[in-house]
1. Helix A:346-357 versus the longest principal axis of chain A: what is the Cα-based angle in degrees, 0 to 90, to the nearest 10?
2. Between B:T75 and B:T233, what is the label-to-label distance in nm when each label sits 7 Å out along the Cα-to-Cβ direction?
3. If you take the charge dipole of the protein assembly as shown about its Cα centre, with +1 on Lys and Arg Cβ and -1 on Asp and Glu Cβ, which of B:G73, A:V461, B:A45 is farthest toward its positive end?
4. Compute the label zone of A:Q138 within region A:84-123: residues whose backbone N is under 17 Å from the point 7 Å along Cα-to-Cβ.
5. Given a Förster distance of 22 angstrom, what is the FRET efficiency for A:L274 paired with B:D6, based on the Cβ-Cβ distance and rounded to 0.05?
6. Using a 10 angstrom Cβ neighbour count of at most 10 plus a DSSP loop assignment to flag exposed GluC sites (Glu not before Pro), which longest range of chain A is free of such sites?
7. Of A:L223, A:L406, B:L240, which is farthest along the charge dipole of the protein assembly as shown in the positive direction, counting Lys and Arg as +1 and Asp and Glu as -1 at C-beta?
8. For chain A, what does the helix formula give at 222 nm: sum of -39500 (n - 2.57) over DSSP H segments with n ≥ 4, over the residue count, nearest 500 deg cm²/dmol?
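Every number here is computed from the coordinates shown, using simple stated rules; none is lab data. Bear in mind that the values here come from a model prediction, so they are computed numbers and not experimental data. Note that we place each Cβ from the backbone using ideal geometry, even for glycine, and neighbour counts take in every protein chain shown.
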Amino acid sequence: MPASVAPAPVSRRRLLQASGASAAVIALGIRAPQAQAETAPQPEGLFSLGVACGAPRPDGMVLWTRLAPEPLAEDGHGGMEGKDVTVRWHVAKDPEFRQITARGQALAQPALAHAVHPRVEGLEPATDYFYRFSVGRQNSPVGRFRTLPAEGAEVESFSVGVVSCQAWYHGHFTAHKHLAAEEELDLVVFVGDYIYEYGITESNLWRQGVEVGPAHQVEAETLEQYRLRYALFKSDPHLQAVHARVPAVAVWDDHEVQNDYLGGSSSTGVPDDLFAHRIAVAYRAFYENMPLDLEALPDGPDSDITTGFDVGNLARLTLLDTRQFRDPAPTDPEDQQRPERSMLGAEQEEWASDRLADSPATWNILANGVVVAAITEDRVDMWDGYPAARQRLLDAMAGAPNPVVLTGDIHRHVATELLADFSDPGSGTVGVELICTSVGSDGDGAKTDANTPDWLQHEYVKHYDGRRGYLHLRLTPEELVSSFYIVEWVEADDTAPKLLSARFTTPAGDSRLIPA
Amino acid sequence: MSSTPDAVTGLTAHPALASIELTWDPLGWDPLIDHFRIYAVAGEASPGEPDEADLLGKTVYPRFVHVDLDPAGETWTYRVLAVSDAGLRGEASDAMTGTSQPSVTATGREIARIGDFDGRTLELHLAPSSYEQIAVDYPDAVIEYEQGVDEPGTAWPYLLPGPGDAWAGSTAHRARWTLTLDGEPSAPHDLAIWLADTTRLGGILRVRVNEEAMADIELPTGSTRGSREGDATLPDSPLLRSFHELEMPEGLLQSGENVIEFELAEGGWVAWDAVGLFAREG
């Protein structure tokens, strides 16, 4: 969003603007034209957390890795000494790196947990590339990506994986294994709860065949604890495979900080001025561990993860932050209906509406953390708690071609049509909402459960499945095909085959979910 | 980004019941503070340079509560330092000594008690998580408990619901504690009310003795987890304990039967740790 968002005092972004960026960009692990650090021998296994890329553009990408020879070192520094390390990167047109297209260096620094976020530029649009990092003689795993199509280009198809709610301790990431093997895949969208902050104890460690030490048994509150939590989750080989396979973009929900926190407020009674310190370290750890652009680097407890991009003229993606700027939970039903209540905050709301209004794309995709569709009035953590804000969003969607909302949060696959006005069943549909189930959260699950009637009571809700899995979208100028995949178990091991739970077609110009 | 954090300043120790609250000045955002480390030694002697063997805890907040101290009172001396995002440690603060406030549960003579003053709800009825049964078992929103007849595990539910609790009919519940005194109280008495947790709603716990208003206790904002978890003394438990000890106004208690009534008049439930009546010694 929001170059227009006023930066808080002592803004690092302001420093960047003021200093011409060079020194700060080097310090931030983005670019280091000359070797900045000693090349002392480093321990083996520097790339144990894999590689990733994101923030896609037609001419480039942000590449990511975090050096961690001992990823589960309890101080959160991954076994690295407190020194800077120069990391080289290469981008090539072939996986053997014979045709190098771009190269550069970044500085891995202890202040960012030895994560680097170089942005490679000057690439060709709609072109496949391979990338890897190296330090000394150690090479990282090879990642790959396809740059976005050129602005306004005609695009035949674009495929997206959607995942959420990665409670590592509840089960194996079998869904990621299958997603990484998808034949058609251009992007993965994480729609929240990439990590969970809860302590991992006997009672919630349902992933069989693993053990965790005492440092994981407490709720994450400090930077070292959040860093350690990301390292634990990102140690999963299937998650690493997804990241290496395609670019990733992400929005957060609550568990990247604390269950049910909202705005700047804790859900457990910690005063706001204190809780800001926890938000600051949690947001920092999110930046350090994701392939994000510089704009997402937090400034204290303020961060900006909202962003967007176009896939030629086929699709416009807009990533929303439904956690940081929302109003408090309603105090009573009257408060819940107050027209000025906001989920996105005024600036983000205007920005999102503008992106919908100006869109040249056939498909307009909004990724957000919580369910938009009206389900029950007591689900106040979802847009149900913000009905007036939802109506404004639906009104904005009504003015754009083919809106599609991508959501996570509920640990269930749900496919629903979005009515123009949920208080008027005859108001027609303005879009569809595709809610992906969790990768791990809630363990094996079952197709139906106690929550099923709440969702399927509505005619506009077309599908419900309570098992783990992922969502696959294939967009073409003519239609959107959404495939809801599940796996029948995740707790015992990662061998469950993928099953198709449901598939829908949404024709362009006709916002319905038609079973396919 | 990788500068060494400043020394911690403004360290202050605030005495409380069975705990000492430490606060200090926040250090800003650059460098980002990974966490603060709190070092403590018993007594009034300064710990000198921080020794990892004296590490009491770590926190991201410029505040730390040293809990589970002896209710009779303890004295500790503290130093705090900051660790930056790069793992660099700042200088430790000056030493600060604090003494916890003695509790009547340690200094007084116990007259009567429900539950154990131990930071846990576990010995109470329906603990640690069967709160929904309270609405079923007490449809009139009144809990009666007779000292010497009833037992905490069967007659004193671990939660007292309030108007903010939809699951309990959004009703102010009352818990009535009947106890018999052998004679007219000769010494001042104190009422100890220890809570294992409260809700994010806070509220008012109204105390009446023999139908006369005694106090409205303003409830602190709690974690709202005490309805599902019963042990606030576990490491990193989210439960937010609170301690309330009130002197009984003279003449309120009488020889024979007395009724001390707790009403959750506003807000959400309290999770009891224990309640007790104590006579002052000497």
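1. Between helix and principal axis, roughly 80 degrees.
2. My value for the distance between the label points is 2.5 nm.
3. Farthest towards the positive end: A:V461.
4. A:84-90, A:106-117
5. 0.75
6. So the longest stretch without any such site is A:212-339.
7. Toward the positive end, the furthest listed residue is A:L406.
8. Theoretical 222 nm ellipticity from helices: -5000 deg cm²/dmol.
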